[in-house]
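Peer 1: Let me begin by handing over the structure; questions about it come next.
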Amino acid sequence: MRTFRLVIACPDRVGIVAKVSNFLATYNGWITEASHHSDTQSGWFFMRHEIRADSLPFELEGLRQAFAPIAREFSMEWRITDSAQKKRVVLMASRESHCLADLLHRWHSNELDCDIPCVISNHDELRSMVEWHGIPYFHVPVESQNKQPAFAEVERLVKAHGADAIVLARYMQILPPQLCAEFSQRVINIHHSFLPSFVGAKPYHQASMRGVKLIGATSHYVTEELDAGPIIEQDVVRVSHRDSVEEMVRLGKDVEKMVLSRGLRYHLEDRVLVHDNKTVVFD
Ligand SMILES: Nc1nc2c(c(=O)[nH]1)N[C@@H](CN(C=O)c1ccc(C(=O)N[C@@H](CCC(=O)O)C(=O)O)cc1)CN2
């Protein structure tokens, strides 16, 4: 069923839920899902409503225009999206294939409701897997001594394909500040540790050296600061002294796949709200 998703963040006060609910009821809006959260630490309120598109007397732009006065009155940060408009997600990978393969399978089996206009990689090994799915593959090598040309090409490709979002599926290059800023809260990375532990490269090796009893994975929005963006989803799996680093890598891959696909689905369904480098996820 086609729905409109109304997502709101604003300074908390009495009357927000009543105002929004009354607005929707006035126009006969049929609410299929409603979530609220009052953050006492920040003093902000978060809300997400799904409304049957066929219950309202206007289309997406009309709904936005009708709601705008309420948004101004409550100083809201808000957006309204249409479930029928699939987001265009460019995937990026390096040599590791498990996260990319998992996302491609979930997309191919219609579990992930998005379009994948292309895949970009700094290596060529994964081309055949991607092209088997009928998706264009762009090999954009990154020269360690001069990365700018490569990321200029990445930016050109991302824009040429009309990307709404970018997913770093174990893409092992640090994105430049400009790309992070231009796609703020629209680039999702999978970091193979339970952040904030073990940021940077080789987190499983770091974890093994520390003797941890849990390893994990974190999907987060990408910011200029490495592995420090708003966390979307996390999970863990138990390990012990019996597990080598190689065993941790093997165990960790399943967690990475689950955490990245969950994080992307939450984003696609407009379930993630960001405030003060933290997220509220209405899952
Ligand atoms: N601007 C950002 N870019 C990226 C982020 C991020 O949070 N902000 N996350 C990383 C993913 N990542 C760990 O999850 C990670 C990737 C790469 C490196 C790194 O040191 N890369 C080296 C090159 C390594 C190589 O050539 O194989 C580098 O870029 O100099 C650390 C962490 C993705 N990008």
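The values are calculated or read from the model by the stated rules, or taken from the named source; none is laboratory data. Bear in mind the structure is a predicted one, so any value in this text is a computation, not a measurement. Neighbour counts are summed over all protein chains in view; Cβ atoms, including those assigned to glycine, are modelled from backbone coordinates with ideal geometry. SASA here: full protein model, heavy atoms, side chains in, ligands and nucleic acids out. Shrake-Rupley method; radii C 1.70, N 1.55, O 1.52, S 1.80 Å.
Peer 1: What FRET efficiency comes out for Leu226 versus Arg64 if R0 is 30 angstrom and r is the Cβ-Cβ distance? Round to the nearest 0.05.
Peer 2: According to the calculation, E is roughly 0.25.
Peer 1: For Lys213, give me every one of the lysines with a C-alpha distance below 25 angstrom, ignoring sequence neighbours fewer than eight places off in its own chain.
Peer 2: Lys202, Lys253, Lys257
Peer 1: In terms of modelled amide H atoms, which long-range or inter-chain residues lie less than 5 Å from the amide H of Phe74?
Peer 2: The list, which skips near neighbours in sequence, is empty: none.
Peer 1: How much accessible surface does Asp102 have with a 1.4 Å probe, in Å² rounded to 10?
Peer 2: Asp102 exposes around 30 Å² with every protein chain in place.
Peer 1: Here is a further query. Per DSSP H run of n ≥ 4, the term is -39500 (n - 2.57); total these for the chain, divide by its residue number, and report the mean residue ellipticity at 222 nm rounded to 500 deg cm²/dmol.
Peer 2: -10000 deg cm²/dmol
Peer 1: How far is the Cα center of region 137-166 from the Cα center of region 248-282, in Å?
Peer 2: Taking the Cα centre of each part, region 137-166 and region 248-282 sit 24 Å apart.
Peer 1: Which value, to two decimals, describes the C-alpha radius of gyration of the chain once divided by 2.2 N^0.38 Å?
Peer 2: Its radius of gyration relative to the 2.2 N^0.38 Å reference: 1.08.
Peer 1: Tabulate in residue order the Karplus-calculated ³J(HN,Hα) for region 118-123, using 6.51 cos²θ - 1.76 cosθ + 1.60 with θ = phi - 60°, rounded to whole Hz; enter x for Gly and Pro.
Peer 2: Using θ = phi - 60°, the values come out as 5, 10, 10, 9, 8, 9 Hz.
Peer 1: What's the longest piece of the chain with no exposed GluC sites (Glu not before Pro), counting a site as exposed if DSSP puts it in a loop and it has at most 14 other beta carbons within 10 Å?
Peer 2: Counting only loop sites that pass the neighbour cut-off, the longest clear stretch is 126-224.
Peer 1: Okay, moving on. Calculate the FRET efficiency for Arg156 and Glu77 from the Cβ-Cβ distance with a Förster distance of 41 Å, rounded to the nearest 0.05.
Peer 2: 0.85
Peer 1: Mind listing the long-range amide H neighbours of Leu175? Cut-off is under 5 Å, sequence gap 5 or more, other chains count too, H placed in the peptide plane at 1.01 Å from N.
Peer 2: Excluding prolines and chain starts, which carry no amide H, there are no hits.
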